[in-house]
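Since every read-out is calculated from the coordinates, none of them should be taken as a lab result. Please read these numbers as outputs of a predicted model, since none were measured by experiment. Here the Cβ positions follow ideal geometry from the backbone for every residue, glycine too, while neighbour counts run over all protein chains shown.
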Amino acid sequence: MALAAKLRRAPVRLATGAYIVNSGVNKLSADGGTAVFLHNAAANTFPVLKRLEPKLFTKVLAVGEIAVGAALLLPVVPAGLAGLALIGFGGALTAVYVRTPGWHDRHLRPTAEGTAPAKDVWLVGAGVGLLLDAALAESPITATE
């Protein structure tokens, strides 16, 4: 892979990776109230999660965030794969935002309560950018190498 492609992707991978790892590390020591809040928000969107106890859910979420963040930070992980992980993670967070009443109006514009979770859509955009960049750089049609 060309050095230019690695350098081009580095800012997105570093910013999103560091942000997500930090979020995961903070969740490792989440208190009971935070665990219940996170669990309720996720379980309302993905009902299968209701089976998990809130503290266990929060630990699993934290480990998942750290894994996704590490995949973005480690240059040995291909950009396309890191982009797919970021799309999945950001997509799940965006789904929670969309399906949580009171976080947005009928046009999906965030309310005061929904402003913080609404920002997770940028993760999807960054993931799509990484995936497209990797696909185009490796395509025999668009590759310049």
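Here is how the numbers come out for the structure above:
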{"read-out": "Selection status of Val77, among the β-branched types (Val, Ile, Thr) and either touching a residue at least 40 places away in the same chain (Cβ under 8 Å) or over 30 Å from Leu136 (Cα atoms) (or both)", "value": "no"}
{"read-out": "Any hit, segment 70-79, residues being assigned to a helix (DSSP H, G or I), of a type outside the set (A, V, I, L, M, F, W, C) and either out of contact with any strand residue (DSSP E or B) (no Cβ under 9 Å at 6 or more places or on another chain) or buried (at least 17 other Cβ atoms within 10 Å of the Cβ) (or both)", "value": "no"}
{"read-out": "Qualifying residue in segment 17-37 (condition: touching an Asp or Glu at 6+ places or on another chain (Cβ under 8 Å), in a helix (DSSP H, G or I) and among the aliphatic types (A, V, I, L, M))", "value": "yes"}
{"read-out": "Selection within segment 11-30 - more than 18 Å from Gly64 (Cα to Cα) and surrounded by fewer than 13 Cβ atoms within 10 Å (Cβ to Cβ)", "value": "Pro11"}
{"read-out": "Selection from segment 98-116 of residues that are in contact with a strand residue (DSSP E or B) (Cβ under 8 Å, 6 or more places away or on another chain) and either buried (at least 17 other Cβ atoms within 10 Å of the Cβ) or not in a loop (DSSP other than H, G, I, E, B) (or both)", "value": "Val98, Trp103, His104, Pro110, Gly114"}
{"read-out": "Answer from Leu130, Leu108, Leu81 - the residue that is within 16 Å of Pro11 (Cβ to Cβ) and out of contact with any Asp or Glu (no Cβ under 6 Å at 6 or more places or on another chain)", "value": "Leu130"}
